[in-house]
């Protein structure tokens, strides 16, 4: 699906950020992020080498109903956070990486999230 140096398919749907917008639901976001960390730790191992270069991350969501851009980005936030924690990214700030979010409709058996990383110049 993605033409990247490193790529993985995660059979997990990105939820809308609207689910976690309000202060009363901070616990729901923590549970959601923990679930993503757990799934990603099973699919994506720790980085094989120490990463010291700029990265381009692509997150492509395959889902039944498309989200608006803000909700897609907010719902996918645990992914770059995990990539930093696992050593695949130096940091998720603009100085060290650019994250691109895309989405398409997909049939039920093909839903999930593609994650791709390319290293090199910005």
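Just so you know, all these numbers are worked out from the coordinates, no wet-lab data involved. Predicted model only: the values in this text are computed from it and were never measured. Cβ placement follows ideal geometry from the backbone for every residue including glycine, while neighbour counts extend to all protein chains displayed.
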Taking Cα atoms, the helix 26-43 axis meets the longest principal axis of the chain at an angle in degrees (rounded to 10) of 50
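Could you work out how much longer the chain between residue 45 and residue 16 gets when fully extended? Use 0.36 nm per residue separation minus the Cα distance between them, nm to one decimal.
Details: separation 29, 0.36 × 29 = 10.44 nm, distance 2.60 nm.
Between residue 45 and residue 16, full extension yields 7.8 nm more.
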Options (i) 12, 32, 25, 15, 9, 6, 1; (ii) 13, 44, 35, 8, 0; (iii) 13, 42, 31, 11, 3, 0 - which one matches P(r) over Cα pairs in 10 Å bins from 0, in percent as calculated here
(ii)
Using label points projected 7 Å from each Cα along Cα→Cβ, tell me how many nm separate residue 33 and residue 96, to one decimal.
1.6
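Given the rule -39500 (n - 2.57) for each run of at least 4 DSSP H residues, summed and divided by the residues of the chain, what is its mean residue ellipticity at 222 nm, to the nearest 500 deg cm²/dmol? It would help to have the intermediate numbers written out before the result.
Numbers: 3 runs with 33 residues, N = 122.
My calculation for the chain gives -8000 deg cm²/dmol from helical runs alone.
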Of 79-88, 46-55, 5-14, ordering from highest average Cβ density within 10 Å down gives 79-88, 5-14, 46-55
